[in-house]
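Okay, structure first, notes after.
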Amino acid sequence: TGDAPAAGMAVTITAGPTREPLDPVRYLSNHSSGKMGYALAEAAAALGARVTLISGPVNLPCPAGVARLEVETALEMHEAAMRLAEQSDLFIGCAAVADYRAEQAAEHKIKKVEGEEGLTLRLVKNPDIIASVAALPEARRPFVVGFAAETRDLAAYARDKLTRKRLDMIVANDVSREGLGFGADDNAALVLWREAARQEKASPEGDALAEEELAPQTKSRLAMAV
Ligand code: C5P
């Protein structure tokens, strides 16, 4: 219908940062506000989709009509994403997932050691959530949209991520631009997608890429445009 172009579509969106515990009182995280992912969830719901937001810890209310699953760590987000992705038509990875976690979170608070100037933490890689979703067998695989926050060579890095993670579409934004991106209310983006997306016969590397530049605007308007 005209009002609800996404009626009945099942959409899963990851948003916000993840939080990786070091000990019972400390963690590794990043400055993701979750605003872009939440704006996408709101836009998809307004277009008639059934939306589930898998959210890391943020200070935002759950948009009306959206189901929210709250997680903390990348492993929890990965588990929730793999469970929901197979029943989704569209999966959008907007979360700023921590690349690494502590190999083993300490059971008790890590204490300062007298006479030691340094402390070495052993980190291990977290799973790449969106790449795991994109690697699902075709019959159970949603259309996969990723984000790329870059400070230079936007188009080249975005193209590389789209290919490497086998995404169908990527929304790239330059986070070094004043007032845009991380934590801000506004964003601008370069959107790249495979012309032959979902046609498995064409090699992912061989697909022609289409692109569209979206001018700076509020994250709500940008979410609608995407
Ligand atoms: O590699 P990079 O982190 O820049 O890629 C960004 C894209 O990959 C985003 O869509 C982000 O949500 C997703 N991602 C993910 N799991 C990770 C790292 C990134 O889903 N462990």
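Here Lys35 is the anchor, and the lysines within straight C-alpha reach of less than 21 Å, apart from those fewer than 8 places off in the same chain, are Lys219.
Using a 1.4 Å probe over the heavy atoms of the protein chains, calculate the carbon and sulfur portion of the accessible area of the range 57-178 as a whole percent.
C and S atoms contribute 48 percent here.
Residue-wise HN-Hα couplings along the range 115-121, as the Karplus relation 6.51 cos²θ - 1.76 cosθ + 1.60 with θ = phi - 60° gives them from phi, are x, 9, 7, x, 9, 9, 9 Hz; Gly and Pro carry x. In the context of the full set of protein chains, residues of the range 1-120 present 56 Å² of accessible surface per residue (probe radius 1.4 Å, heavy atoms only).
With a sphere of radius 11 Å drawn around the Cβ of Arg122, what net charge do the other residues whose Cβ falls strictly inside it have (Lys, Arg +1; Asp, Glu -1)? In short, 0.
Couplings 3J(HN,Hα) of the range 147-155, computed from phi: 10, 9, 9, 10, 10, 6, 6, 3, 5 Hz, in residue order, whole Hz [Karplus 6.51 cos²θ - 1.76 cosθ + 1.60, θ = phi - 60°; x for Gly and Pro]. Remark: C-alpha extents of the range 82-123 on the principal axes read 56, 19, 13 Å, sorted largest to smallest. Separation of the range 115-159 and the range 1-67, taken as the distance between their Cα centroids, equals 17 angstrom.
Placing a label point 7 Å from the Cα of Val25 along the Cα-to-Cβ direction, the residues of the range 105-119 with a backbone N closer than 15 Å are 106-113. Whole-Hz Karplus values for the range 156-165 come out as 5, 5, 5, 4, 4, 5, 4, 6, 5, 8 Hz, taken residue by residue from phi with 6.51 cos²θ - 1.76 cosθ + 1.60 and θ = phi - 60°; glycine and proline positions read x.
I need the semi-axes of the equivalent ellipsoid of the chain: take the C-alpha gyration tensor, multiply each eigenvalue by 5, square-root it, list largest first in whole angstrom.
31, 20, 19
Relative protection proxy for 58-66, 88-96, 5-13, 141-149, from highest mean packing down: 88-96, 141-149, 5-13, 58-66 (other beta-carbon atoms within 10 angstrom). For the chain, modelled as a GNM with alpha-carbon contacts under 10 angstrom, which of Gly56, Gly118, Gly48 fluctuates the most? Per the Cα network of the chain with a 10 Å cutoff, Gly118 tops the list.
The values are calculated or read from the model by the stated rules, or taken from the named source; none is laboratory data. Note that the coordinates shown come from a computational prediction; the quantities given were computed from them, not determined experimentally. Because the Cβ atoms are built from the backbone with ideal geometry, glycine has one as well, and the counts that use them run over all protein chains shown. Areas reflect the complete protein model, heavy atoms only, side chains present, ligands, DNA and RNA absent. Shrake-Rupley method; radii C 1.70, N 1.55, O 1.52, S 1.80 Å.
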